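The values are calculated or read from the model by the stated rules, or taken from the named source; none is laboratory data. Fair warning: this is a prediction, and the values are worked out from it, not measured in the lab. Every residue, glycine among them, receives a Cβ derived from its backbone with ideal geometry; neighbour counts consider all protein chains shown. The protein model used for the area step is the full one, side chains on, heavy atoms only, and it has no ligands, DNA or RNA in it. Shrake-Rupley method; radii C 1.70, N 1.55, O 1.52, S 1.80 Å.
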Amino acid sequence: MDKPGHILLTGATGYVGGRLLPLLVADGWRVRCLARQPEHLSPRVPAGVEVVQGDLLDVASLSAALQGVEAAFYLVHSMGATGDFEKQDRLAAENFAAAAHAAGVQRIIYLGGLGEDDPDLSAHLRSRHEVGERLRAHDVPVIEFRASIIIGSGSLSYEMIRALVERLPMMITPRWVRVTAQPIAVGDVLAYLRAALSLKLDRSVIVEIGGPDQVSYGELMREYAQQRGLRRLMIPVPLLTPRLSSLWLGLVTPLYARVGRKLVDSLRHSTVVRDDSTRSQFDIRPVGVREAIARALRNEDSSFAQTRWSDALSAATDTPRHWGGTRLGNRLVDSRSGHVAASPARVFAAVERIGGGTGWYYAAWLWTLRGWLDLLMGGVGMRRGRRDPERLRVGDTLDCWRVEAIQPDQRLRLAAEMKLPGRAWLEFDVQSDENGARLRQTATFDPLGLWGLAYWYGVWPLHQLVFAGMLRGLAKAAEARK
């Protein structure tokens, strides 16, 4: 395909679609995104991307969105919806395929799921296959990729594995933990999706994709635990039904029950590549499980995941909030903000003077005590001070923190270097506000195992006191400075 025509992307608020969008733009494609609520998506897309309103369950809304489109990515599903999700998936695919045919679309690229066509197939996997059939029924060539577990920071399966390993030193594991899958790194999935735009195509094809390793969920958990330096005991039991498993997952992972039950029901089926004949058309060599998990961990280290499964609008209302802060994947977040009657530049100047001789704007004795406790545990304590009393730069030490990122008058992120059962960051964001500025202060913690969780929940009440006082102290300092 040449690049002057439009590419339509559905599912841009989802995990895969959200990562695919900037890559398509970087490749030089003219991208149009379909969204039920464009006002939610428009602020998040790269410059030059068109966002149009449309609903896959409303066929009349699709005609205008597909005009002038040469290729369309179909990256949506209704697993998080209430009611009969199979019926909704079926109707959405029918509507989209019919509208694409009427608009003269040259190809549809669809990401579905592996699994043999079996009468006993789970509702989720059965629906994934049926969507491919409905898309192919209207004479537009379809490239249907079928994948197993997608490994990447923020993906549904990866977040489930990570949460189980991080939070449970001992796991009672049902039979589905031993079922074989063929995981694939999200970067390799994205490579296949991008390559599909230039594939010579005269008919519909099904392409089964996966990494080189066939492993069970249990083996994935052990590999993740090894890379995180955690010891985990897994005790297999045959008694946990899919319903009980989904309730168990809902207690200890970011999954909410509606999605968890459908996911667990599909885990009883082996999802491995059985026909790799069509993969020869792609010059892509997927990485193995070990490297896929290592990449996911590195991505978390460099940024707090580009997109997450819970970013999808269908799941956003179910993103768990609980005592102890907001859960973001495996990370725990405590964030607060307030209006400051001072310019953003003055507010950020107060933020940039934090630590050292200035102190932390509230409860200095608690910070001193925390420093002594850290020293007793072999940490750096609070004695390092800071290089300059007024200015910071990336890499500067700041008492028990180090400057990880700084944008003048906007943002400061500090990484903790004290002894902790996990990793911690403290971030300050300053934005213009009516008659002043808005200052947001966010503490983020990536707990290492059960001890990390115990630490966070143990100090959380104290955080409410210290961090709230710090926010007030910063506001007073900014307003008092002339």
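A compact table of results
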| item | result |
| --- | --- |
| Cα radius of gyration and Dmax for region 100-223 (Å) | 16.8, 56 |
| For region 162-227, fraction of C-alpha pairs farther apart than 15 Å, in % | 65 |
| Per residue, in Å², the accessible surface of the chain once ligands and nucleic acids are set aside, probe 1.4 Å | 44 |
| Sequence of Leu426, Leu111, Leu91 from largest to smallest accessible area, 1.4 Å probe | Leu91, Leu111, Leu426 |
| Orientation-averaged projected area, Cα convex hull of region 76-158 (nm²) | 6.1 |
| If the convex hull is drawn through the Cα atoms of region 381-432, its volume per residue in Å³ | 75 |
| FRET efficiency estimate (nearest 0.05) - Cβ-Cβ, Gln37 to Gln106, R0 25 angstrom | 0.30 |
| Extension gain from Asn435 to Leu57, taking 0.36 nm per residue of separation minus the Cα-Cα distance | 131.7 nm |
| Area accessible to solvent at Asp202, 1.4 Å probe radius, in Å² | 140 |
| Fraction of beta bridges assigned by DSSP in the chain that are antiparallel (%, nearest 5) | 55 |
| Accessible area of the chain belonging to carbon and sulfur atoms, whole % at 1.4 Å probe | 53 |
| Per-residue SASA entry for Trp460, accessible area with 1.4 Å probe, Å² rounded to 10 | 40 |
| Hypothetical label at Val237: residues of region 138-172 whose amide nitrogen lies under 11 Å (7 Å Cα-Cβ projection) | 171-172 |
| Estimated FRET transfer efficiency (Gln464, Arg222; beta-carbon r; R0 51 Å; 0.05) | 0.85 |
| Projected label distance in nm at Asp84 and Arg391, using a 7 Å step from Cα toward the beta-carbon | 6.8 |
| At most 13 other Cβ within 10 Å, DSSP loop - GluC sites (Glu not before Pro), region 353-435 | Glu390, Glu434 |
| Relative contact order for the chain, counting Cα pairs under 8 Å that sit 6 or more residues apart, in percent | 13 |
| Average silhouette area of the chain, convex hull of alpha-carbon atoms, in square nanometres | 24.3 |
| By accessible area with a 1.4 Å probe, ligands and nucleic acids excluded, highest first: order of Asp58, Asp429, Asp139 | Asp139, Asp58, Asp429 |
| Solvent-accessible ranking of Arg231, Arg107, Arg285, largest area first, probe 1.4 Å | Arg231, Arg285, Arg107 |
| Equivalent-ellipsoid semi-axes of region 351-425, from the Cα gyration tensor, Å, largest first | 20, 14, 10 |
| P(r) histogram, all alpha-carbon pairs of region 329-482 included - 10 Å bins from 0, percent | 11, 41, 37, 10, 1 |
| Heavy atoms of Met170 accessible to a 1.4 Å probe, total area in Å² rounded to 10 | 110 |
| P(r) of region 1-76 over all Cα-Cα pairs, binned every 5 Å from zero, in whole percent | 3, 17, 31, 28, 16, 5, 1 |
